[in-house]
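The values are calculated or read from the model by the stated rules, or taken from the named source; none is laboratory data. Because the structure is predicted, anything quoted here is derived from the model rather than measured. Because the Cβ atoms are built from the backbone with ideal geometry, glycine has one as well, and the counts that use them run over all protein chains shown. Ligands, DNA and RNA are stripped out before the accessible areas are found, and what is left, the full protein with its side chains, is counted by its heavy atoms. Shrake-Rupley method; radii C 1.70, N 1.55, O 1.52, S 1.80 Å.
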Amino acid sequence: MGSCLQPARTNHRTIEVQNERLATADATPPIGAQSEPLAAIGDFPLLQRHQDGRRLVYLDSAATAQKPRVVLDAIDDYYRRYNANVHRGVYRIAAEATERYEAARAAAAGLVGAHPKGTVFTRNATEAINLVAYSWARHELAAGDEVVLTVMEHHSNIVPWQLVCAERGARLRYVSLREDGTLDLDELDQLLASGRVRLVAVAHVSNVLGTINPVEEVVRRAHAAGALVLVDGAQAVPHMPVDVAAIGADFYAWTGHKALGPTGIGVLHAAPELLERMPPFLGGGHMIARVDLDSSTFNEPPWKFEAGTSPIAEAVGLAAAIEYLRGLGLERVREHERQLTEYALARLAELPFVRVFGPRDVSQRGGVVSFALDGVHPHDVAEICDRHAVCVRAGHHCAQPLMRALGVPATTRASLHAYNSRDDIDRLREALAAAHQLFSS
Ligand SMILES: Cc1ncc(COP(=O)(O)O)c(C=O)c1O
């Protein structure tokens, strides 16, 4: 553990960044719909909280999102009214639990246009990616094969591949970034030209730069070169319409807690036939067809990959989150966050001591804004923000290779969801101005 903890505080007071300053305040969009949150903050019990007499502003949804009351109620209802294990009991509440659990699978599949039989529940996105590494890659990769990642990946989409490549004698290669924080697809083509690439694993949306990667194009190019593709959709599914069939990736992973759902549940989508051909990841109860003393046969997908008691309460909570998100409309969530990001970039551009990373074009970025303050360490920035009751994250964001590529030890990150408004961005701006003043005096 600990790899995702914040790096030790350093003496860096001046952070060298490669990105240019953003344009000036002329770019500030007029006040419009985003002065109000899209999701009523009254729906979110935690957002009623005050800190030091001020409304708490939550700008860390890329780490985990807040939960609407309907999600909390659904979980509570499961434990109070039909708590029973799934797929086992014949009594009515067990049947009800099973029905709700499988309905949650159908909801998760339906949210992204996937097939329920190709939709596996895991503990989180990390486990979904590990499932592919240990089940598919561990058996498919041979010495000399290559796996291509990008420099902007979360550790969850790097470390499993390092482990499996080391075991199989395969080689890891990386697509680097252009200066604006977008992927260099020419470099992807050059890597694919080796003819040895078996898998390309790429984030749909960067958790640091906010970059929305052209995953359909990545899939097209990778497939043409005979490689499979895994897309890490942890930062995409909660914020925009995603159609896994249109993207065409072989594997698509995401995680419930960033999608307004509970912790402890993740999702892997893959073609049922592909899952059929893959050996089990974890062994145990529930994933088997028959167990003999020396060997076993296995259940069909997706249950073949769900060993042990399932995350039942988590699935029920996730189904409620999906219903809530669909009620908001993912097109509208995306548009809300796009406009709010534009507003945030403009407001931060008014502060000459703030440098923002990632694409300037908000059509190419999600609601994640990482930045550096001249002369103030990101941890100090986050601490001052907390004094202003504004929650932002500081650290490497589980993306140390990306930090090195950016030439910084860490960044401060503000990340949005449907419950944020322009007022939240104004509160952030005020806190950043205070941090600058404190450290420059
Ligand atoms: C892009 C990306 N991938 C994967 C993950 C891992 O998600 P989880 O911790 O739920 O497995 C995260 C979490 O921050 C992420 O941002």
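Quick rundown of the values:
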quantity: Between the range 135-167 and the range 41-76, the Cα center-to-center distance that results, in Å; calculated: 36 Å
quantity: Solvent accessible area, Å² - Asp294, 1.4 Å probe, full protein context; calculated: 150 Å²
quantity: For the chain: accessible area per residue (Å², 1.4 Å); calculated: 41 Å²
quantity: Distant alpha-carbon pairs in the range 340-402 (separation over 20 angstrom), percent; calculated: 29 percent
quantity: Fluctuation leader among Ala143, Ala321, Ala270 - the chain, Gaussian network, Cα springs under 10 angstrom; calculated: Ala143
quantity: The range 70-326: projected area of the alpha-carbon convex hull, averaged over directions, in nm²; calculated: 14.0 nm²
quantity: Kirkwood-type radius of the chain, with distances r between different C-alpha atoms, in Å; calculated: 22.6 Å
quantity: Note, ³J(HN,Hα) from phi for the range 403-411, Karplus 6.51, -1.76, 1.60, rounded to Hz, x at Gly and Pro; calculated: 4, 5, 5, 7, x, 10, x, 6, 9
quantity: Sulfur and carbon atoms: percent of accessible area, the chain [1.4 Å]; calculated: 50 percent
quantity: Of Asn83, Asn213, Asn157, the one that fluctuates the most in a GNM where the chain has Cα springs shorter than 10 Å; calculated: Asn83
quantity: Solvent-accessible area of Ser194 with every protein chain in place, 1.4 Å probe, in Å² to the nearest 10; calculated: 40 Å²
quantity: GNM result for the chain, Cα springs below 10 Å: residue of Val159, Val231, Val316 fluctuating most strongly; calculated: Val159
quantity: Leading residue at positive end of dipole, the chain (Cβ point charges), from Thr211, Pro262, Gly181; calculated: Pro262
quantity: Reachable lysines, given that their alpha-carbon falls under 18 Å from the alpha-carbon of Lys304 and they are not under 8 places away in the same chain; calculated: Lys117
quantity: Rounded to 10°, Cα long-axis angle of helix 312-328 versus longest principal axis of the chain; calculated: 50 degrees
quantity: Partner lysines for Lys258 [C-alpha distance under 21 Å; skip if fewer than 8 residues away on the same chain]; calculated: Lys67
quantity: Crossing angle, helix 69-81 versus the chain [Cα axis fit, 0-90 degrees, rounded to tens]; calculated: 30 degrees
quantity: Cut-off of 10 Å, at most 13 other beta carbons, DSSP loop: longest stretch of the chain lacking such trypsin sites (Lys or Arg not before Pro); calculated: 179-441
quantity: Over the range 316-441: Kirkwood hydrodynamic radius from C-alpha pairwise inverse distances, Å; calculated: 15.5 Å
quantity: Rounded to the nearest 20 debye, dipole of the range 70-326 from Cβ charges on Lys, Arg, Asp, Glu; calculated: 500 debye
quantity: Tilt relative to the chain, helix 422-440 - C-alpha long axis, 0 to 90 degrees, to 10; calculated: 60 degrees
quantity: Largest-first ordering by accessible area, 1.4 Å probe, given options Thr411, Thr263; calculated: Thr263, Thr411
quantity: Solvent-accessible area of Ile212 with every protein chain in place, 1.4 Å probe, in Å² to the nearest 10; calculated: 40 Å²
